[in-house]
Every structure is written in structure tokens, then in C-alpha cells.
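Data first, discussion second: the structure below is written as C-alpha cells.
The values are calculated or read from the model by the stated rules, or taken from the named source; none is laboratory data. All values derive from a computational prediction rather than experimental measurement. Glycine gets a Cβ as well: all are built from the backbone with ideal geometry, and neighbour counts include every protein chain shown. Keep in mind that these areas ignore ligands, DNA and RNA; they rest on the heavy atoms of the full protein, side chains included. Shrake-Rupley method; radii C 1.70, N 1.55, O 1.52, S 1.80 Å.
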Amino acid sequence: MSAPNSLRCLARPSTSNAVSASLSLSFSGLRIGAAAPFSTTSARDSSIAKKSVNREPAAPYRAGKKLKIGKFKKNKVVERGKAPLPGERKAYRKKIVLTNDNALPVKWVQEMGPNHLQDVNNVGKVVSLPDAVQDQLRISEAFQPSQSWKMFRKPSTLIREETVQMVSKMEKAVGNKKTARLVLAGDKLTGKSLLLLQAQAHAYLNGWIVIHVPDAQELTTACTEYAPIPDTNPVQYMQQNYVLKLLQSIKKANEKVLSKIFTVSSHPELPQNIPVNSPLLALINAAKEAEGAWSVFHALWQELTAQNANRPPILFTLDGLAHIMRISDYRSPAFELIHSHDLSFVRTFVEALQGKTNFPNGGAVIAATSRSNAPRAPSMELAISQRIAEQEKNPEVPKSDPYFKGYDERVESSLKTVEVLKVKGVSRPEARSVMEYWAASGLLRATVDEHQVTEKWVLSGGGVLGEMERAALLTMRI
Amino acid sequence: MASAANALRLCLRTTSQTQSLRAPASAVVASTSRSFSATPAQCGKNYIDRLRKRRKNKEHGQNEVEYEYEQNFNNPGEYFDYVARESQKEYPKVSKEEVKLAETLRGDWDALQQDQRYELGQRRKTISAQAADLRRPVKAKRDSFWNEEEQDSEYITEEIGEDDFEEDDIMAMGHGKLEEHREFREYARIAVWEMPLLAQFAKKFEPPAQDQVLRFRYTSYMGEFHPADRKVVVEFCPTDIQGLTQVQREKLMKLAGPRYNPEKKVIKMSCERFEHQAQNKRYLGDLVQKMIEAAKDPTDTFADIPLDTRHHKFTVKPKFPKEWYLTPERKAQLEAERKEMMRIDQTKRLNGALVDGVLAIEAAKAAGMEAEAVMIPRGQAPPGRR
């Protein structure tokens with residue numbers, strides 16, 4: 001190791017590396033004997049070098065913690081088992097359990113039907129998700145690990161006033177062959193993501209095509225690969241890996257519907273030749289690898305939005321709106337931050353939300369805001385409060401602060417015409433219904449009378465469902 | 001006592017053996033304790049003399065040690081003689097002014113009687129003898145600790161036995177109580193006799209008129225001088241000023257900048273630039289006038305600039321909601337709601353529709369006893385598990 005170094009002392013007069021290299025080569029036979037007279041440390045060093053030659057190949061790097069016992073007993077090492085493999089922790093964190101065999105089945109809970117969610121008479125009823133829909137929702141990642149599905153026998157949801165409002169808006173828009181563009185806004189734990197799930201369940205039951213972005217964070221926090229799309233001005237960026245994953249989930253979740261609708265144009269830019277009039281499923285199947293996934297998605301989107309074609313209604317949903325209403329963490333080749341709306345997939349969603357995209361047979365674009373994991377998006381907050389004021393016909397529409405720098409013109413324009421559905425706490429009868437469901441499942445050890453319901457309703461800040469769960473379900477009372 | 005002794009010592013210092021600094025010779029005769037010194041008056045002069053002497057010694061090749069002797073005179077006559085003698089020499093030890101002064105004063109001395117001259121000499125001798133002790137320099141003792149042995153001649157009181165109670169007075173606390181009582185009575189007298197007289201100075205409160213929009217605040221320290229008593233603060237509301245349009249009013253607010261409080265809608269300015277209160281007030285008045293004129297100036301209305309309120313932090317004070325007050329109506333409403341709740345529960349209970357978690361579990365357990373016979377093979381998920 002250091003023998004060549006000590007030999008380099010000899011070679012110092014000439015500065016060229018070639019000479020020193022040749023010297024080290026020529027002296028390599030003399031290494032031990034020759035180096036010693038010229039260096040005080042060479043003898044020791046050479047022995048190390050010798051040792052390293054004879055050393056056995058190093059033990060493979062082993063992760064996991066070792067506990068050293070005692071101060072002087074150096075050899076005693078207690079192994080604490082194997083460290084989890086890469087991705088194992090995340091898989092555990094993201095694991096979704098939809099059933100609990102220890103919970104009691106609730107007899108009176110009906111299965112959700114295609115028209116259940118738009119009927120006003122069903123407000124305050126708990127309905128269970130059919131098995132097929134459960135599978136579809138699981139594929140599209142509509143269930144979240146933080147929701148307490150794992151406590152009950154069968155995944156069921158409460159039909160609340162906001163559900164009926166939202167679904168009837170969707171149905172009304174589809175009836176007029178238009179697009180319902182909604183933003184779900186509300187306090188923390190009020191059930192915005194669950195409303196999104198209900199919208200999807202309704203769409204699946206009615207044969208819509210559903211595209212769901214479970215967490216917008218993944219799109220803009222620079223955790224998935226991106227590349228500029230050639231021939232775009234201003235430059236747009238595609239996220240092929242993410243889009244491939246999304247295409248696969250779209251394919252799996254909407255298999256039945258997609259196999260029945262057919263392409264209306266040929267797409268020469270695709271890696272695989274898809275003739276006209278072949279099912280959309282075949283088009284999606286063309287995306288086998290991340291390379292070319294964006295062009296497949298682009299083609300799919302063109303097919304879905306092709307005017308005058310026979311297409312089912314389309315539901316496009318996204319959770320965590322604030323993440324796509326800001327400047328992303330991606331950087332352009334000039335090392336400037338990329339605006340989220342310059343990411344092509346995000347742009348697709350935003351244009352749909354803006355109303356620039358027309359679905360041939362109508363549909364809905366729904367975005368839910370998140371309160372627990374949301375970056376600051378002042379423009380979005382302002383736009384939402386403005387839309388709410390406009391909808392309530394409030395004469396005092398909130399104005400932007402003229403001396404605040406953080407506003408974003410593009411965000412404001414993208415949310416100019418959306419409709420905001422304010423999600424609040426549930427009403428008292430709805431709370432009673434859901435608590436009866438909990439008690440009948442054997443999870444709430446109490447008699448559900450008005451006193452109990454009022455107590456939990458008040459404790460949860462006026463029927464905030466997540467807080468009600470916290471007050472009644474997630475605390476140990478045995 | 002001590003101070004008198006000090007004065008005496010100071011008087012006599014001039015005649016001390018170690019003379020270094022001398023009072024000017026012009027004050028010679030007036031005082032009896034004045035020394036009649038042969039050395040010249042000023043240090044500078046003295047120094048020059050010494051130099052001169054040294055040079056002379058060098059010229060003569062002498063190696064004499066310089067010796068400056070001190071001469072004491074028993075009376076002014078001896079001094080005048082000495083001065084006259086000196087003035088005849090080539091290098092006199094006295095200045096010309098001294099000589100002149102001595103010549104003028106000689107007449108006075110000569111006018112005195114012989115016995116008077118004698119008396120003066122005697123008095124000087126007795127004073128010197130008496131002051132000898134005082135003039136002796138106090139030497140610090142080597143082994144003393146903080147000079148504890150030293151007598152403090154400047155101590156004012158005799159500290160021994162000073163605080164002893166002689167049984168001829170009330171205690172200090174009693175004196176305190178009496179003092180307190182006297183104070184009460186003093187203020188009671190003021191309240192009874194002097195306060196009513198203040199009523200004649202009372203003025204009726206008149207709310208400010210429509211055109212009196214400026215509200216000034218002054219600071220008084222009750223006649224004491226204070227650097228802040230010149231400060232004047234003016235407050236006014238832009239909407240109170242007559243004859244301004246909305247645009248002009250907004251321009252006035254924008255001109256005031258951070259001095260505008262958007263919550264109270266008031267402009268507040270202060271001035272302590274000038275020495276007197278009145279000057280500061282005049283300046284503020286002029287400034288307000290100038291601002292109003294500028295606001296009325298139509299060349300630039302500032303309409304394109306939004307009002308900046310970043311300097312102000314708006315505070316929201318939560319108030320008890322009106323709807324939450326328990327009025328009789330509200331009470332009745334609540335009572336009705338509770339009755340309705342009880343009715344709902346009662347009907348459900350009668351119909352057997354009231355859900356009870358504990359009962360549900362018990363029922364399931366009872367049912368489960370029968371169904372438990374179904375065996376699930378190991379490693380196989382139970383049916384229906386997703």
C-alpha cells in the first residue's frame with residue numbers, strides 16, 4: 001500500500017506520474033528490503049501491505065444492530081435478529097387490512113348499490129362495500145392505512161349529507177354530459193379522503209372509468225424519476241415510472257370497462273402498433289416498461305377524451321391538492337425549480353380541474369385537500385376561501401394581501417371556476433347511526449343512546465368523524 | 001474642633017520645613033501666619049534659578065552639591081531686610097515684583113511701634129509652638145491593620161452610649177405612629193380646607209367640536225425637569241377631517257405610513273425634536289396641515305398603491321357568542337330537545353332497536369359457543385378474510 005508511496009520519495013525529482021509508476025513497478029520485487037532504508041515507517045507499512053494480501057475476503061456488510069456486552073469482553077456480541085429488507089418497513093407501514101374476524105358482523109348493514117349514494121333518503125345509513133368494489137378500491141389505493149378499516153368485519157361507510165351532495169353533483173353533470181369539478185375542503189379528520197373513496201365506489205358501481213392519484217405528494221416531492229418531454233415549449237416533464245404504475249392500477253381496477261371500449265385513432269408514436277378499434281385494455285398493455293409509459297398514457301388520455309366516441313363517464317380524483325398547487329422540488333437542467341403545473345401528468349389533472357378538458361360523456365374531477373400533510377399553498381387557500389364566499393353569496397369575498405409575495409398566478413387561475421364542497425362534522429343523527437354500527441360490531445362497549453351520542457359528538461368538536469373515532473373507538477375502555 | 005484644627009494646619013503649612021510649592025509672594029504681609037520665604041514664588045522661576053546656579057558652578061569648575069537652604073523670619077522686618085539685601089546681588093533670589101512690593105510695604109512696617117512689632121513676633125512663636133504637634137507628619141504604622149489605631153478626627157458624633165434609652169421618652173415605634181398620625185391630619189386638613197377651593201377652578205367638559213379633530217397629549221412631570229416633558233403626541237382620525245374625498249382620505253392614510261393604525265383607523269404622530277413643548281406642538285400642527293394639503297394634491301392620488309398594513313398586527317379578541325347566552329327561550333329550546341331525545345330513546349328501547357355494545361358482544365359470545373365447533377386448518381385463512 002504505502003511502499004509505492006515511499007518509493008515515490010525516490011522519484012521526486014521527476015514530476016511525471018509515468019516515471020513513478022514505472023519505478024513502483026520495477027521496485028515491486030524489492031519492496032520490503034529496498035524501502036526500509038529510506039523511510040522510518042516503511043517496515044511497518046510493508047507488513048500491513050503483506051497482511052492485506054493474505055487477508056480473507058471481507059465479510060459481507062451486515063446491517064442490523066449488535067449489542068456489545070461488557071467493557072472488555074470484546075468478542076461477545078449479541079445479535080438482535082435480521083434487519084428488515086429494503087422496502088419491508090414501507091410495505092408494513094402501507095399495509096391495508098380490511099377485515100377483522102374478531103369484530104361482529106352487523107346484520108342490518110346493506111351492501112352499497114349503484115344508486116345508494118345519490119339518494120337523500122339514505123343519509124345517515126351505513127352501507128358496506130361490495131367485494132368487487134373493495135378489490136378495485138384497493139388497487140387504486142383509495143384505502144389509507146390511517147383509516148380504521150382494520151377494526152371492522154367488513155369495510156362499510158356512512159352515507160352522509162356531503163356524500164349525497166357530491167354524488168348528485170357528479171350524476172347531474174354526467175346527465176348533462178359535462179364535468180363536475182369539485183374541491184373537497186374542510187378541517188382535519190372530517191373525512192375528505194373518505195368522500196373521495198365514496199365517489200370512487202359510486203363510479204365503479206356505475207361503470208365509470210376511475211383514475212385515482214392516491215397521494216399527490218409522490219408527484220412533486222422529487223421522489224420519482226422525471227425527464228423533459230421533447231418538442232415542448234415551455235418544457236414539460238414526464239414521470240414515466242409513476243405513470244407506468246398508475247397505468248397498471250388503472251388497467252387492473254377498470255379491466256371490465258376498458259375491455260368494452262375501443263380506440264378511435266391509431267397511435268403511431270407508441271412502441272407497439274395498436275390498430276384502430278382495438279380495446280383500450282390492449283392500449284394500456286402496450287406499456288410494459290417505464291420507457292414509453294408516458295406516450296401510452298398520453299394516447300389513453302386522448303382516447304378517453306376523444307369527442308363523439310362512445311365513452312363511459314370518467315372520474316379523475318386526486319388526494320392532497322396542496323402538493324400540486326406549488327412549485328415542485330424538481331429542477332430543470334438550468335437548476336431552476338420546476339412549477340408543478342409543468343409536470344405533464346399534473347398538468348393533465350389541473351387542466352381537467354380547470355375545465356379545459358372535455359369528457360365526451362361527462363364525468364367528474366375531484367380533488368381533496370389534506371390537512372395533515374400539506375405544504376403551504378397560500379394561493380390555493382385563498383382561492384378556496386374565495387370560492388366558498390362566492391357560493392354562499394357572501395358580499396365580502398376574501399382578497400389577496402397586496403404585500404404578500406407567496407401567491408401563484410397559475411394556481412389562482414387553475415382554481416378560478418371550481419366548486420368547493422365544504423366538509424364539516426356529521427350531524428347528530430349521522431353520528432348516532434355510525435355509533436350504532438360501532439356498537440353492533442362490538443367495538444363500542446356502551447349503550448348508544450342520545451346521551452352517549454351527544455357526548456361523543458361534542459367531544460369531537462361538532463361531529464368531526466376522525467375525532468369521534470378517537471373519542472369512542474381508539475381509546476381503551478374495557 | 002477638627003475643622004478649626006484643619007484650618008490652622010492649612011494656615012501653617014506655608015511655614016513648614018519641606019516647602020515645595022509656594023503661594024505667590026503678593027499675598028505676603030496680610031497674614032501673620034504667612035511665611036517669609038526666600039525662595040522665589042513660582043516653580044518655573046525656581047527651576048530656572050537652579051539651572052542658572054548649576055551653570056555657574058560648572059563655569060567655576062566647582063563640584064558642589066546643590067544646597068537650597070530655607071530661611072525663617074521672625075517678623076516682616078527681617079524679610080524686608082532680606083529682600084533689600086538680595087536685590088543688591090548680581091543674581092538675586094527674589095523677583096523684581098517681590099522687591100517692589102516689599103518696598104511699598106516697608107512703610108507700613110516702619111510705622112508700627114516697637115512693642116507692636118514685638119507682640120507680633122511673640123504671637124507667631126506661640127502659634128508655631130502650639131501647632132507643632134499638628135504639623136508633625138503622621139507616619140503610617142507598619143504592622144497596623146487598616147490603620148485601626150488612628151483616631152478619626154472627622155467623626156461627627158460620640159458613638160459610645162448614643163443609642164441608650166434613658167427611660168425619658170416613648171419608643172421609636174411610638175414616634176413613628178405619631179408621625180403617621182400627623183400626616184393623616186395634614187391631609188385631612190388639606191381635604192377640608194383647601195380642596196373645596198379647587199372647585200372654583202372647575203371647567204365644564206365640552207366635547208370637541210366638529211372641526212377640532214386633533215387630539216394632543218402632553219407629558220408633565222409636575223414641574224420637574226425631564227427630557228421627555230417636551231414630547232407632544234397628536235392623534236386624529238382621517239375620516240373626521242372635513243372636505244376630503246374618499247380618494248384623498250386614503251391618500252392621507254398612505255402618507256401616514258406605519259403611523260396609521262388600521263384597526264382603530266387613527267393616525268398617531270409624535271414630536272420631541274425641539275426644546276419646548278409649544279414648538280413641538282406647532283411642528284405637529286404644521287405637519288398635519290402639510291399632510292392634508294398633500295392629500296388634496298391631485299397630481300398623484302396614490303390610487304394604484306394599496307394601503308400597507310404590514311406594520312400592524314391585528315388582534316382578534318374572541319367574545320362570548322350571543323347564541324350561547326342561556327336566555328329563557330334558549331332554555332326552553334334545550335328542554336324540548338332533551339325531551340325529544342328521551343322520547344327517541346324510549347321508543348327505540350320499546351321497539352328493541354336500541355343498540356348496546358356489551359349486549360351485542362354477549363349475544364355473539366353465546367352464539368359463538370355453538371359455532372365454535374368449526375375447525376380451521378392450520379395455515380389457512382378463515383373464509384371471508386381479505
**Request:** Scan region B:294-310 and report the pairs whose first residue is open to solvent by 80 Å² or more (accessible area, probe 1.4 Å) and whose second residue is among the hydroxyl-bearing types (Ser, Thr, Tyr), with Cβ atoms within less than 9 Å and a gap of 6+ or a chain change.
**Result:** B:Lys296/B:Thr245; B:Arg310/A:Tyr403
**Asked** Name the strands (runs of 3 or more DSSP E) wholly within region A:284-346 that hold at least 2 residues that are under 20 Å from A:Asn361 (Cβ atoms) and in contact with a strand residue (DSSP E or B) (Cβ under 9 Å, 6 or more places away or on another chain)?
**Response** A:314-319
**Prompt:** Can you find a residue in region A:416-438 that is open to solvent by 50 Å² or more (accessible area, probe 1.4 Å), within 14 Å of chain B (Cβ to nearest Cβ), more than 26 Å from A:Met468 (Cα to Cα) and in a loop (DSSP other than H, G, I, E, B)?
**Reply:** no
**Item:** Sole residue being more than 34 Å from the chain's Cα centre (by Cα) and open to solvent by 100 Å² or more (accessible area, probe 1.4 Å), chosen from B:Phe184, B:Phe201
**Value:** B:Phe201
**Request:** Inspect region A:126-138 for any residue being on the phi > 0 side of the Ramachandran plot and either more than 14 Å from chain B (Cβ to nearest Cβ) or not polar (S, T, N, Q) (or both) and give the result as yes or no.
**Result:** no
**Message:** With the requirement that a residue be under 12 Å from A:Ala364 (Cβ atoms) and within 16 Å of the chain's Cα centre (by Cα), what does region A:189-199 give you?
**Reply:** A:Leu196
**Item:** Some residue of region B:210-220 being over 30 Å from B:His312 (Cβ atoms), open to solvent by 70 Å² or more (accessible area, probe 1.4 Å), assigned to a loop (DSSP other than H, G, I, E, B) and charged (D, E, K, R)
**Value:** no
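Here's the yes/no breakdown for (1) surrounded by 10 or more Cβ atoms within 10 Å (Cβ to Cβ); (2) part of a helix (DSSP H, G or I); (3) more than 13 Å from chain A (Cβ to nearest Cβ):
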| site | (1), (2), (3) |
| --- | --- |
| B:His312 | yes, no, no |
| B:Lys319 | no, no, yes |
| B:Glu329 | no, yes, yes |
| B:Lys339 | yes, yes, no |
| B:Met342 | yes, yes, no |
| B:Arg349 | yes, yes, no |
| B:Ala353 | yes, no, no |
**Item:** Filtered residue count, region A:400-412, keeping only those that are in contact (Cβ under 8 Å) with a residue 12 or more places away in the chain, surrounded by 14 or more Cβ atoms within 10 Å (Cβ to Cβ) and not hydroxyl-bearing (Ser, Thr, Tyr)
**Value:** 4
**Test set (1) assigned by TED's automatic domain parsing to the domain that holds B:Phe225; (2) open to solvent by 50 Å² or more (accessible area, probe 1.4 Å) - B:Ala363 fails condition number** = (1)
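Rundown of residues vs (1) farther than 30 Å from A:Glu469 by Cβ; (2) assigned by TED's automatic domain parsing to the domain that holds A:Lys251; (3) open to solvent by 20 Å² or more (accessible area, probe 1.4 Å), yes/no style:
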{"site": "A:Leu315", "(1), (2), (3)": "no, yes, no"}
{"site": "A:Ile338", "(1), (2), (3)": "yes, yes, no"}
{"site": "A:Ile366", "(1), (2), (3)": "no, yes, no"}
{"site": "A:Ser372", "(1), (2), (3)": "no, yes, yes"}
{"site": "A:Ile388", "(1), (2), (3)": "no, yes, yes"}
{"site": "A:Pro395", "(1), (2), (3)": "yes, yes, yes"}
{"site": "A:Ser414", "(1), (2), (3)": "yes, yes, no"}
**Prompt:** Of B:Gly257, B:Gly285, which residue is within 14 Å of chain A (Cβ to nearest Cβ), in a helix (DSSP H, G or I) and either open to solvent by less than 50 Å² (accessible area, probe 1.4 Å) or within 23 Å of B:Gln210 (Cβ to Cβ) (or both)?
**Reply:** B:Gly257
**Request:** Evaluate region B:228-246: report whether one residue or more is under 17 Å from B:Ile305 (Cα atoms), basic (Lys, Arg) and surrounded by 13 or more Cβ atoms within 10 Å (Cβ to Cβ).
**Result:** no
**Asked** Among the residues of region A:454-474 satisfying the criterion of being in a helix (DSSP H, G or I) and either of a type in the set (Gly, Ala, Ser) or at the interface with chain B (Cβ under 9 Å from one of its Cβ atoms) (or both), which is most open to solvent (accessible area, probe 1.4 Å)?
**Response** A:Thr454
**Fill in**
Taking region B:82-103 and keeping only residues that are surrounded by 10 or more Cβ atoms within 10 Å (Cβ to Cβ) and farther than 20 Å from B:Asn72 by Cα, one is left with B:Glu97, B:Lys100
**Among the candidates A:Pro86, A:Pro114, residue that is modelled with pLDDT under 95, more than 14 Å from chain B (Cβ to nearest Cβ) and assigned to a loop (DSSP other than H, G, I, E, B)** = A:Pro86
